[in-house]
Amino acid sequence: METIKEIATKGGNSPRNNGKGDNKRFTAPQIPKLNFNGRKEPVHDTTWIVVRADFSDQGDRPLAPGSVFWESPDVWVQSSAGINQPVPGENNTVFATINNYGLQDATGIMVKFWWADPSLAITEATAHLIGTGFVDVPSGWSVTLQCPTPWVPVVENGGHECLIAEAFIQVIDPLTAPMDPMDDRHVGQKNEQLLLLQKGAKFVTRVKAVNITDTRKELRFDVQALHFDPEHPLVKLRAAKLPANVKPAGTTMPVALQFDESKPNFITKSILFAERMILRGLEKIEEELVEALEHSQVTHKAHFEPWESRTLEMTGEVPEDAEVGQSYLFRIVQRIGNMVTGGYTVHVVVV
């Protein structure tokens, strides 16, 4: 008789894929322990669908407090400008990679593709459905699915919207926390922007800051300047137009945070989302907060009314002595108290 480990690593000879894209085989990681209750009954419902939050994600939820959950490698867009370079006003193609780390083949997986305005907190009230597809993923495989509906980014945002993919099977392996990759392994989120700029160039990145609670709160915004050697993994996934010698910058790029002059507005309430965030905020994460402060280049605070939304601007200028191929990486992190409620990542590469 085969052992559980042998079954988990076998997975079949070839994937069954009704989507478009690459199929990848991986070694199945550990899944929750199975309880047979002492009876010789077949194992049921052992799919383990995951849209990863990062390259090492195996589906454990909730993610650790302070985790970067908005840089999913499993959600991306392809356009005439390349990978993860949305072009407004034309058809763009969105993809999602669906992983099945379970012992059982997953059939009839529903995959929902969403976009939202560049935002530090996305709820079902602020997201817009692009399209819905279906895919089968054998045990121990990952399958890439193309959204059947083209996505046309809005011109107002310059194409830099956020993307979300939700992959689940109704009843057997359902969504548990829609739009929330912190609590739900079925949800992958991409809040990321790549800027190709010449030395001396100035830039402005605009994102929505939102108080996703029912009470007045002070929100804090940190800009973390990070260093990756040789480069951030997501930069490697880009297509054309990147310099051949992308490398970390040896200098600091000055940036600033401020709210634009437009009037605040208010989003539709999402009570379930707010309750999840509040429960998560009960955890003690002071150590993580201290570490974040050490990495923060800029910090900005402001009081928000319940469900209030404002546009936050990060401005910067590429140093005159920057070299072609140097890259700068910034994360804008939104917090309520010690609780991370959202984030947005900006890559600047000198061309």
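Out of the residues in segment 41-60 that are open to solvent by less than 20 Å² (accessible area, probe 1.4 Å) and of a type in the set (S, T, N, Q), state the one that is modelled with the lowest pLDDT. Write out each step before concluding.
First, the residues of segment 41-60 that are open to solvent by less than 20 Å² (accessible area, probe 1.4 Å): 46-47, 49-51, 53, 57, 59.
Checking which are of a type in the set (S, T, N, Q) leaves us with 46-47.
On the way: T46: 87, T47: 93.
Here the answer is T46.
Screening G159 with (1) modelled with pLDDT under 95; (2) open to solvent by 10 Å² or more (accessible area, probe 1.4 Å) gives one miss only, at (2).
Scan segment 79-90 and give yes if some residue there is at pLDDT 95 or above and either touching a Pro at 6+ places or on another chain (Cβ under 8 Å) or in a loop (DSSP other than H, G, I, E, B) (or both), otherwise no.
As a first pass, look at segment 79-90 and keep what is at pLDDT 95 or above: none.
No.
Restricting attention to segment 82-100, the residues that are under 16 Å from S72 (Cβ atoms), touching a Lys or Arg at 6+ places or on another chain (Cβ under 9 Å) and crowded, with 20+ Cβ neighbours inside 10 Å add up to 4. Can you find a residue in segment 325-343 that is in contact with a helix residue (DSSP H, G or I) (Cβ under 9 Å, 6 or more places away or on another chain), among the basic types (K, R), open to solvent by 20 Å² or more (accessible area, probe 1.4 Å) and closer than 19 Å to D117 by Cβ? Looking for residues that are in contact with a helix residue (DSSP H, G or I) (Cβ under 9 Å, 6 or more places away or on another chain), among the basic types (K, R), open to solvent by 20 Å² or more (accessible area, probe 1.4 Å) and closer than 19 Å to D117 by Cβ, one finds at least one in segment 325-343, hence yes.
Which one is modelled with the lowest pLDDT, of the residues in segment 235-259 that are charged (D, E, K, R) and assigned to a loop (DSSP other than H, G, I, E, B)? Step through it out loud before you land on a result.
If we filter segment 235-259 for residues that are charged (D, E, K, R), which is where we start, we get 236, 238, 241, 247.
Those left that are additionally assigned to a loop (DSSP other than H, G, I, E, B): 238, 241.
On the way: R238: 62, K241: 65.
Result: R238.
Scanning segment 128-156 for residues that are in contact (Cβ under 8 Å) with a residue 60 or more places away in the chain, open to solvent by less than 40 Å² (accessible area, probe 1.4 Å) and among the aliphatic types (A, V, I, L, M) turns up V135, V137, V143, L145.
F69 meets all of the listed conditions (1) in contact with an Asp or Glu (Cβ under 7 Å, 6 or more places away or on another chain); (2) closer than 21 Å to A209 by Cβ but one, namely (1). Would you check if A121 is under 15 Å from the mean Cα position of the chain (by Cα) and under 28 Å from N211 (Cα atoms)? Yes, satisfied.
Quick check on A125: is it surrounded by 24 or more Cβ atoms within 10 Å (Cβ to Cβ) and assigned to a loop (DSSP other than H, G, I, E, B)? Show your work before the answer.
On the way: surrounded by 24 or more Cβ atoms within 10 Å (Cβ to Cβ): no; assigned to a loop (DSSP other than H, G, I, E, B): yes.
Answer is no for this residue.
Total residues in segment 61-75 satisfying the condition of being open to solvent by 30 Å² or more (accessible area, probe 1.4 Å) and among the β-branched types (V, I, T): the figure is 1. In the condition set (1) surrounded by fewer than 23 Cβ atoms within 10 Å (Cβ to Cβ); (2) not in a strand (DSSP E or B), R206 is compliant with all but (2). Determine, yes or no, whether F168 is free of Cβ contacts under 8 Å to residues at least 60 places away in the same chain, open to solvent by less than 30 Å² (accessible area, probe 1.4 Å) and either under 19 Å from R52 (Cα atoms) or in a loop (DSSP other than H, G, I, E, B) (or both). The answer is no for F168. The residue that is farthest from V171 (Cα to Cα), counting only those in segment 102-116 that are open to solvent by 20 Å² or more (accessible area, probe 1.4 Å) and not in a strand (DSSP E or B), is L103.
Within segment 87-101, residues that are touching a residue at least 12 places away in the same chain (Cβ under 8 Å) have Cβ atoms under 7 Å from residues that are assigned to a loop (DSSP other than H, G, I, E, B) and charged (D, E, K, R) in these pairs: A96/D74; T97/D74; N99/R52, counting only partners at least 6 apart in sequence or on another chain.
The values are calculated or read from the model by the stated rules, or taken from the named source; none is laboratory data. If you're wondering where the values come from, they're calculated on a predicted model, not measured in any experiment. Note: ideal-geometry Cβ built from the backbone for every residue, glycine included; neighbour counts use all protein chains shown. To get the accessible areas, we keep the full protein, side chains included, count just its heavy atoms, and leave off ligands, DNA and RNA. Shrake-Rupley method; radii C 1.70, N 1.55, O 1.52, S 1.80 Å.
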